[in-house]
Amino acid sequence: MSDRHKTKAQLLQEMEGLKQELANFRQQYSTVNQAQATVLQQRETDLADIQRIAKLGFWRFDIASGEITWSAEIYRLFGLEPHQFSPSYDWLVQTIQPEFRELHQSIADKVIATGKTQTIEYAITKPDVSTGWI
């Protein structure tokens with residue numbers, strides 16, 4: 001066999017070896033990725049359980065889009081089933097009992113100005129007209 005053919009044969013053999021290494025890497029990456037997904041899912045489940053037990057939740061408001069994201073427990077605190085509807089900021093403000101709306105607005109203004117989250121508790125009127133605290 002000529003040197004040229006030997007080189008070609010060696011390159012083909014190396015290429016097959018690299019293909020196998022790539023396949024092995026993909027398998028290892030997939031296994032690690034699946035393990036991380038499992039851990040993440042368990043942590044999300046744990047967080048939801050903790051929020052349910054403590055009757056605590058969280059929500060986010062994207063000022064640019066106007067989109068509100070609630071944790072499942074926030075829905076329950078409002079007397080609603082999780083993801084029963086898409087909350088709006090205006091709807092949220094209307095549920096806040098009047099004596100707490102100014103406090104809510106001052107905290108909201110502070111969050112917008114500083115970019116730092118705040119903790120606040122106030123009374124709301126739930127859809128069934130009972131009073132709740134969030």
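The values are calculated or read from the model by the stated rules, or taken from the named source; none is laboratory data. Fair warning: this is a prediction, and the values are worked out from it, not measured in the lab. Positions of Cβ are generated from backbone atoms using ideal geometry, with glycine treated the same way; all protein chains shown enter the neighbour counts.
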Taking segment 102-119 as the search range and keeping residues that are surrounded by fewer than 14 Cβ atoms within 10 Å (Cβ to Cβ) and of a type outside the set (S, T, N, Q), which one is farthest from the chain's Cα centre (by Cα)? 102
The lone condition residue 129 fails out of (1) at positive phi; (2) surrounded by 12 or more Cβ atoms within 10 Å (Cβ to Cβ); (3) over 24 Å from the mean Cα position of the chain (by Cα) is (2)
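Okay, residues lined up against (1) closer than 30 Å to residue 108 by Cβ; (2) in the same structural domain as residue 110 (by TED's automatic domain parsing); (3) among the polar types (S, T, N, Q):
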{"residue": "41", "(1), (2), (3)": "no, no, yes"}
{"residue": "50", "(1), (2), (3)": "yes, no, no"}
{"residue": "73", "(1), (2), (3)": "yes, yes, no"}
{"residue": "77", "(1), (2), (3)": "yes, yes, no"}
{"residue": "84", "(1), (2), (3)": "yes, yes, yes"}
{"residue": "92", "(1), (2), (3)": "yes, yes, no"}
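Per-residue answers, yes or no, for (1) under 15 Å from residue 57 (Cβ atoms); (2) part of a helix (DSSP H, G or I):
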position: 81; (1), (2): yes, no
position: 85; (1), (2): no, no
position: 90; (1), (2): no, yes
position: 93; (1), (2): no, yes
position: 103; (1), (2): no, yes
position: 108; (1), (2): no, yes
position: 119; (1), (2): yes, no
Residue 78: passes all of (1) free of Cβ contacts under 8 Å to residues at least 40 places away in the same chain; (2) among the aromatic types (Phe, Trp, Tyr); (3) under 17 Å from residue 134 (Cβ atoms) but (1)
Which condition number in (1) in contact with a Lys or Arg (Cβ under 9 Å, 6 or more places away or on another chain); (2) in contact (Cβ under 8 Å) with a residue 40 or more places away in the chain is the one that residue 126 fails? (1)
